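Okay, so here's the structure we're looking at.
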Amino acid sequence: MAPAGVLERRRTRPRLPRLGPERRRRIFKTAQHALTVAAVVGATLAAAYLTLNTYTQTRNLSVGQIQISVDPGHKGALDLYVPLVDWGVRFEDAIRLPIRLHVDLRTVDRGAVAKVANGGSLDLKDVREEARDAIASYLINLVLITVACAAALGLLVAFAVRHHGSPRLRYTVGAVAATTIAIAAALVILLPPRGQIDEPQYYAFGPDIPRALEAVEAAQQSTRQLDQELDAQLVGLARLVTRPSERTPLTDRPTITIASDLHNNFFALPVLDRTTNNGPLFFAGDLTDRGSPLESRLVSRVVGIGHPFVFVSGNHDSDSLELDLARRGATVLTEQGKLNRDGTHGDVIQDINGLKVAGYGDPFERRAGENFKDRYEPTPTPAMTDAFTAWLRPLIGHTDIVMVHEPALIQPAIEILKDDPPTRPLVFIVGHTHKASIERYPGVTIINGGSVGAGGTGNLTELVHMGIARLIFTSEPDFQPLAADLVEIDPGDGSATARRERLDEPE
């Protein structure tokens, strides 16, 4: 038997009020009405999505046939794609909705091509007007058809769910109307590309971006009349090409491939081999993870990819690796000069394929005598940066390219060069950050190709694309960098993106 105190507490415990039948019916009815309205709204939105995903329009222009479509569910962008050669150009952030607007060139007019090939020119004003009208017509039709389909399916569902227990028809029809108006407003306001659109990003499916970039440059030179602005009037499609007649052509110019940070990922070597295409390969450090003899044997085939293969060490490489590469025929550059097969050093400045090149080994590289232990610190010490600056000073004006793995090591020297620009163009090739970039200052260019090894096979947390860069230059009558390509390849599906920056024009 329970104690008296327990019984008393049980008798005095407050009881929750029971819901009466009428109140339960009202709650059930409210939930039922809410679900009905949600179903109507969902049907309206689904119809709009399906319409956006399927509606395309084909238009014939004087230069060829284009197909216009949209692809919802992606980061907003404007894509110009050429299926004939499987590459295109993308303008990120051109559209504020999560929708990509695609303009695909399906066919090319033979007469227009023959005219250009024979020295004729295109009437770009007419082409702009044709393209503007085609895109504007597509967008208008897209909005009208999307709104019509969304309203039609929404109303159909509203009438289909109508029964004695459903909300009144005016509520469901009102939900359809409100949703349709919201869809129309979003499409009208946020879908058309607006403003100045620049910084094109070239892309393809496979590691053939350099060929696509060369095709773009060749097309610019052949027409001679294309001007950089497809201007904002062409629904914001701008800055595709810039005054090609005033530019130095890039066709048949010498090119070097730039890479770094393989981190022992020898699976990336075939891509690097195809991109280098038997040309010079400049590698800015971190070929391995520890610089051990085992890793050296695994990646030694990289020496045969570049002709020549030019190397400076990174913080993941070692003195043992440098000597092994030199004995295999690589051009290994150090602050003391070129490393010879016997361990001695040659001249600091080397003449490589018409370029004057110097390199500075990473101060944190591993050492065989210390069992390849990690010596890396977050940033170089002031003494290290001062040593690099002192090493660089007498080379300015006498060298074209300086290779250094760690970008932080050169920053004090860069600040000095900003105040006192070199009279002879100077290019720094760096790595370490795994982020592709191009920095430009008067007389100075810094190129980082990213990580050709996608961070390395042992890196499971850093999501990095394979990165490769190329430098196009002329050495006649003097060294002049003309352009730099940054190429990034997704290791998963092989798709690639790239951008080209002209270096012979003011930034």
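Other residues whose C-beta falls under 12 angstrom from the C-beta of Ser260 contribute a net charge of -4, scoring Lys and Arg +1 and Asp and Glu -1.
When peptides 497-505, 314-322, 410-418 are sorted by average Cβ neighbour count within 10 Å, with the highest value leading, the order is 314-322, 497-505, 410-418.
Relative contact order for segment 248-502: what percent, with Cα pairs under 8 Å and sequence separation of 6 or more?
Details: 626 pairs, mean separation 48.8, N = 255.
So the answer I get is 19 percent.
The coefficient of translational diffusion for segment 248-502, derived via Stokes-Einstein from the alpha carbon Kirkwood radius under 25 °C and 0.890 mPa s, stands at 136 µm²/s.
Computed packing ranks the peptides 50-60, 374-384, 354-364, 269-279 as 354-364, 269-279, 50-60, 374-384, most packed first, by mean other Cβ atoms within 10 Å. Going by a ≥ b ≥ c, the root eigenvalues of the Cα gyration tensor, does segment 322-412 fall in the rounded group (a/c under 1.5), the prolate group (a/b larger than b/c) or the oblate group? The shape class here is oblate. Shape of segment 370-507 from the C-alpha gyration tensor: oblate (a/c of 1.5 or more and a/b not above b/c, with a ≥ b ≥ c the square roots of its eigenvalues). Per-residue 3J(HN,Hα) values for segment 405-412, derived from phi via the Karplus relation 6.51 cos²θ - 1.76 cosθ + 1.60 with θ = phi - 60°, read 6, 8, x, 5, 5, 9, 4, x Hz in sequence order (x marks Gly and Pro). Asp362 sits among other residues whose Cβ lies under 9 Å from its own Cβ, and their net charge, with Lys and Arg +1 and Asp and Glu -1, is -4. Highest average first, the peptides 476-485, 94-103 ordered by how many other beta carbon atoms sit within 10 Å of their residues are 94-103, 476-485.
Using the Cβ of Gly443 as centre and a radius below 11 Å, the other residues enclosed give a net charge of +2, where K and R count +1 and D and E count -1.
The numbers here are math on the coordinates, done by the rules we state, and not lab data. Predicted model only: the values in this text are computed from it and were never measured. Note that we place each Cβ from the backbone using ideal geometry, even for glycine, and neighbour counts take in every protein chain shown.
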